[in-house]
Protein chains: 2
Amino acid sequence: MKKLVNRPENVVEEMLSGMVLAHPDYVRKLDGFNVLVRRESPVEKKVALVSGGGSGHEPSHGGYVGYGMLDAAIAGDVFTSPTPDPIYEAIKAVDGGAGVLLIVKNYTGDIMNFEMAKDMAEIDGCQVEYVVVNDDVAVENSTYTAGRRGIAGTVFVHKIAGAKAEIGASLEEVKVTAQKVIDNVRSMGMALSPCIVPAAGKANFTLAEDEMEIGMGIHGEPGTHKDTLKTADEITAQLVNKILEDMQLLDGDEVAVMINGLASTPLMELYIVNRRVHEILSSKGIKIYKTFVGEFMTSLEMAGCSVSVLELDEELKELLNASADTPAFKLL
Amino acid sequence: MKKLVNRPENVVEEMLSGMVLAHPDYVRKLDGFNVLVRRESPVEKKVALVSGGGSGHEPSHGGYVGYGMLDAAIAGDVFTSPTPDPIYEAIKAVDGGAGVLLIVKNYTGDIMNFEMAKDMAEIDGCQVEYVVVNDDVAVENSTYTAGRRGIAGTVFVHKIAGAKAEIGASLEEVKVTAQKVIDNVRSMGMALSPCIVPAAGKANFTLAEDEMEIGMGIHGEPGTHKDTLKTADEITAQLVNKILEDMQLLDGDEVAVMINGLASTPLMELYIVNRRVHEILSSKGIKIYKTFVGEFMTSLEMAGCSVSVLELDEELKELLNASADTPAFKLL
């Protein structure tokens, strides 16, 4: 296992220390919990957004804590849902009186623990709602999931619901907008290599030298099939076509696109993929309003990428364009 | 070779297409040349900043074209200096009448080609100056270099000289500030794995399963030594101590820090390194004014990182803090 780590059992805590030291203007850590909150939390009268999940997907989600996105992010152990306690503490720390929206990726453990934390906070009188992101069109059920998995499309939910909260919308309104993003976003990924959970010390699956996995999950969950390595253009077409099959996009519709690197895939390759995504969508008359290329939701050191397509309307365009200022996502 | 590419000989051109499609608000490509320029180029009366070099270091340098940083970036073939022609075209395209500063990393090929392009542009009456970045303290001479190599510290030069140009400084003033950054910045890197130039198809060096290379260059040039893999804390201390030996930092001095991922190293690990960098500097009374953690100057899919330390004064602090808006570097 070749990693820049100290003791595998300390990676999450040491990472969070490193994040707070790097971004003291943005985030602080809750004492005794692996939770990052906006430095100025709670923001009075603003609906607070809380997300999180297992670690190993950085910059998700701690990197999105800041103006225009999240108020708190809970970091579980690597690829492991956080328990209800830190989620409850996060809710309490950021509730500014206007309620809290939990943005949960669709994994059984996350749903159970976020729901339990919601119940605990409601007993204290907090108003808490939640939405579940399930953007991965690859498979219907998976290792840790009933229904579709939540992957990089979640970052669009953070961005757009975050902007909605920032302009003073009510909890119900922010939830409706978050749900609209979820209804409108589809993603699919592929892997060229596995990754190694530090505490396990070995790869979580194997791929031959000429093999890739299409539809892979962000924890290494099986995808739709293994295949011989193809060209970037062929792989991109597989991902985009499967996504489009699941959307009702018409000539003239507008979308946002995210090309997300899983970690080891260089930016050069992500841009090559982006070129082909644009070609395919443009050939169908679909207008690309905004494109994001980079590492938004990673899988430790896995090589590969995912593509997300978000159908836009006027509200979503405006909120997507609103300024944001977080460690990992800035829009001027 | 597991890469998301089509034909290896087309990677640079396809990447640039993907960049322009992703960031049309920021950059356009010069017809017939692998050069990205600011969309609004030339900016009248502003000193223009031009950088570039071999590809494979993305987001360097095309990702830094935009407000507050570069006016143009020339992309050579992978790990290969661009020829004088595209550099000359870049200079001509962005010269707004106030002159052009070339920011060149210290590699023999780059220096030769940027100098030749400077001569060509001067014949046309352009005012051109250049600075050479040589921040890598690891080795004094190297495979492609006489003197020290230029690595991630170059991004500080882009940022700070870019801000200086944006406030209307003269070519001479921008050059003096760029040179001050170069004089004040030191970097050092290490690698856990090699990388594969697409056209070569095989790794550019080898490391055993428990081995790392300390002081590695961003093209896989040899470092100071190979060593058995150590903990993140031990590796970080090696890098930082070697950097500090080469600086005259005193108790109370202020610095900016950049923890740069070479590509395959997850953000989690970069934050773990950052934590230790802060511990070491703080223990010596050195104040960390600003920290950058991410992928700023990569080496295809190499695993590893570099640490850069920039000594600050009031001018550099102010310029470092000025807003910037480029595809890969935004500061609000």
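Among the residues of the stretch B:99-114 satisfying the criterion of being hydrophobic (A, V, I, L, M, F, W, C) and in a helix (DSSP H, G or I), which is surrounded by the most Cβ atoms within 10 Å (Cβ to Cβ)? Per the stated criteria, the residue is B:Phe114.
For A:Asp233, the conditions (1) within 9 Å of chain B (Cβ to nearest Cβ); (2) buried (at least 23 other Cβ atoms within 10 Å of the Cβ) all hold with the exception of (2). Within the stretch B:145-168, at least one residue is more than 21 Å from the chain's Cα centre (by Cα) and either crowded, with 16+ Cβ neighbours inside 10 Å or assigned by TED's automatic domain parsing to the domain that holds B:Ile103 (or both).
Quick check, is A:Gly220 at pLDDT below 95 and closer than 21 Å to A:Glu58 by Cα?
So A:Gly220 passes the test.
A:Pro86 - would you say it is surrounded by 24 or more Cβ atoms within 10 Å (Cβ to Cβ) and of a type outside the set (A, V, I, L, M, F, W, C)? For A:Pro86, the condition - surrounded by 24 or more Cβ atoms within 10 Å (Cβ to Cβ) and of a type outside the set (A, V, I, L, M, F, W, C) - is not met.
Output yes when any residue across the stretch A:50-62 is within 19 Å of A:Met297 (Cβ to Cβ) and over 13 Å from the mean Cα position of the chain (by Cα), and no when none is.
Narrowing the stretch A:50-62 to residues within 19 Å of A:Met297 (Cβ to Cβ): A:50-62.
Narrowing further to those that are over 13 Å from the mean Cα position of the chain (by Cα): none.
For the stretch A:50-62, residues within 19 Å of A:Met297 (Cβ to Cβ) and over 13 Å from the mean Cα position of the chain (by Cα): absent.
Out of curiosity, is A:Ile214 crowded, with 20+ Cβ neighbours inside 10 Å, in contact (Cβ under 8 Å) with a residue 60 or more places away in the chain and farther than 21 Å from A:Thr80 by Cα? Write out each step before concluding.
Details: crowded, with 20+ Cβ neighbours inside 10 Å: yes; in contact (Cβ under 8 Å) with a residue 60 or more places away in the chain: yes; farther than 21 Å from A:Thr80 by Cα: yes.
So A:Ile214 fits the description; yes.
When each of B:Ser282, B:Ser264 is tested for being small (Gly, Ala, Ser), crowded, with 24+ Cβ neighbours inside 10 Å and at pLDDT 95 or above, the lone residue that passes is B:Ser264. Of the residues examined, A:Val176 is one that is in the same structural domain as A:Asn141 (by TED's automatic domain parsing) and either at negative phi or in contact (Cβ under 8 Å) with a residue 12 or more places away in the chain (or both).
Please enumerate the residues belonging to the stretch A:237-266 that are in contact with a strand residue (DSSP E or B) (Cβ under 7 Å, 6 or more places away or on another chain), under 25 Å from A:Cys195 (Cα atoms) and either in contact (Cβ under 8 Å) with a residue 60 or more places away in the chain or β-branched (Val, Ile, Thr) (or both). If the condition is that a residue be in contact with a strand residue (DSSP E or B) (Cβ under 7 Å, 6 or more places away or on another chain), under 25 Å from A:Cys195 (Cα atoms) and either in contact (Cβ under 8 Å) with a residue 60 or more places away in the chain or β-branched (Val, Ile, Thr) (or both), then A:Leu239, A:Val240, A:Lys242, A:Ile243, A:Met258, A:Ile259, A:Asn260, A:Leu262, A:Thr265 are the ones that fit.
Within the stretch B:312-329, the residues that satisfy the criterion of being surrounded by fewer than 20 Cβ atoms within 10 Å (Cβ to Cβ) and either more than 14 Å from chain A (Cβ to nearest Cβ) or out of contact with any helix residue (DSSP H, G or I) (no Cβ under 7 Å at 6 or more places or on another chain) (or both) are B:Asp313, B:Glu314, B:Glu315, B:Lys317, B:Glu318, B:Asn321, B:Ser323, B:Asp325. Taking first residues from the stretch B:1-13 that are at the interface with another protein chain (Cβ under 7 Å from one of its Cβ atoms) and touching a residue at least 60 places away in the same chain (Cβ under 8 Å) and partners that are surrounded by fewer than 16 Cβ atoms within 10 Å (Cβ to Cβ) and of a type in the set (Ser, Thr, Tyr), the Cβ contacts under 8 Å between residues at least 6 apart in sequence or on separate chains come to B:Val5/A:Thr231. Against the condition under 15 Å from B:Pro327 (Cα atoms), within 14 Å of chain A (Cβ to nearest Cβ), surrounded by fewer than 24 Cβ atoms within 10 Å (Cβ to Cβ) and among the acidic types (Asp, Glu), how does B:Asp77 come out, does it pass? So B:Asp77 does not fit the description; no.
When the stretch A:198-224 is filtered for residues that are farther than 18 Å from A:Ile151 by Cβ, touching a Gly at 6+ places or on another chain (Cβ under 9 Å) and more than 10 Å from chain B (Cβ to nearest Cβ), only A:Ala203 remains.
Within the stretch B:53-93, being more than 11 Å from B:Leu36 (Cβ to Cβ), aromatic (Phe, Trp, Tyr) and touching a strand residue (DSSP E or B) at 6+ places or on another chain (Cβ under 8 Å) holds for B:Tyr67, B:Phe79.
When the stretch B:16-67 is filtered for residues that are part of a loop (DSSP other than H, G, I, E, B), on the phi > 0 side of the Ramachandran plot and buried (at least 24 other Cβ atoms within 10 Å of the Cβ), the ones remaining, listed by number, are B:Gly56, B:Gly66. Answer yes or no as to whether A:Ser264 is of a type in the set (Gly, Ala, Ser), on the phi < 0 side of the Ramachandran plot and more than 7 Å from chain B (Cβ to nearest Cβ). Against the criterion (of a type in the set (Gly, Ala, Ser), on the phi < 0 side of the Ramachandran plot and more than 7 Å from chain B (Cβ to nearest Cβ)), A:Ser264 does not qualify. In the set (1) closer than 26 Å to B:Glu245 by Cβ; (2) buried (at least 21 other Cβ atoms within 10 Å of the Cβ); (3) charged (D, E, K, R), B:Asp95 fails one condition alone, (1).
Filter the stretch B:288-301 down to residues that are among the charged types (D, E, K, R) and buried (at least 24 other Cβ atoms within 10 Å of the Cβ) and give me whichever is farthest from the other protein chains (Cβ to nearest Cβ). Explain how you work it out, then say what you get.
Going residue by residue through the stretch B:288-301, those that are among the charged types (D, E, K, R) are B:290, B:295, B:301.
With the extra rule that they be buried (at least 24 other Cβ atoms within 10 Å of the Cβ), the set shrinks to B:295, B:301.
On the way: B:Glu295: 7, B:Glu301: 5 Å.
Selected residue: B:Glu295.
Considering only the stretch B:1-34, state which residues are over 30 Å from A:Leu239 (Cα atoms) and under 22 Å from the mean Cα position of the chain (by Cα). Within the stretch B:1-34, B:Leu30, B:Phe33 meet the criteria.
Determine which member of the set B:Gly304, B:Gly285 is within 22 Å of the chain's Cα centre (by Cα) and either over 17 Å from A:Pro24 (Cβ atoms) or within 8 Å of another protein chain (Cβ to nearest Cβ) (or both). The match here is B:Gly304.
Considering every residue within the stretch B:211-219, establish whether at least one is within 30 Å of B:Glu318 (Cα to Cα) and touching a strand residue (DSSP E or B) at 6+ places or on another chain (Cβ under 8 Å). First the steps, then the outcome.
Looking only at the stretch B:211-219, we keep the residues that are within 30 Å of B:Glu318 (Cα to Cα), and these are B:218.
From the residues that got through so far, the ones that are touching a strand residue (DSSP E or B) at 6+ places or on another chain (Cβ under 8 Å) too are B:218.
Checked against the condition, which is being within 30 Å of B:Glu318 (Cα to Cα) and touching a strand residue (DSSP E or B) at 6+ places or on another chain (Cβ under 8 Å), the stretch B:211-219 yields at least one hit.
Restricted to the stretch B:134-152, and to residues there that are part of a strand (DSSP E or B) and farther than 19 Å from B:Glu245 by Cα, the residue that is modelled with the lowest pLDDT is B:Ser142.
Given the condition in a loop (DSSP other than H, G, I, E, B), within 18 Å of the chain's Cα centre (by Cα) and either of a type in the set (A, V, I, L, M, F, W, C) or surrounded by 24 or more Cβ atoms within 10 Å (Cβ to Cβ) (or both), answer yes or no: does some residue in the stretch B:184-192 qualify?
Among the residues of the stretch B:184-192, not one is in a loop (DSSP other than H, G, I, E, B), within 18 Å of the chain's Cα centre (by Cα) and either of a type in the set (A, V, I, L, M, F, W, C) or surrounded by 24 or more Cβ atoms within 10 Å (Cβ to Cβ) (or both), which makes the answer no.
Within the stretch A:37-49, can one find any residue that is of a type in the set (D, E, K, R) and at the interface with another protein chain (Cβ under 9 Å from one of its Cβ atoms)? The answer is no, given that none of the residues of the stretch A:37-49 is of a type in the set (D, E, K, R) and at the interface with another protein chain (Cβ under 9 Å from one of its Cβ atoms). Scanning the stretch A:145-197 for residues that are under 30 Å from A:Thr231 (Cβ atoms) and polar (S, T, N, Q) turns up A:Thr154, A:Asn184, A:Ser187, A:Ser193.
The values are calculated or read from the model by the stated rules, or taken from the named source; none is laboratory data. Bear in mind the structure is a predicted one, so any value in this text is a computation, not a measurement. Counting neighbours? That spans all protein chains shown, and the Cβs are built from the backbone with ideal geometry, glycine included.
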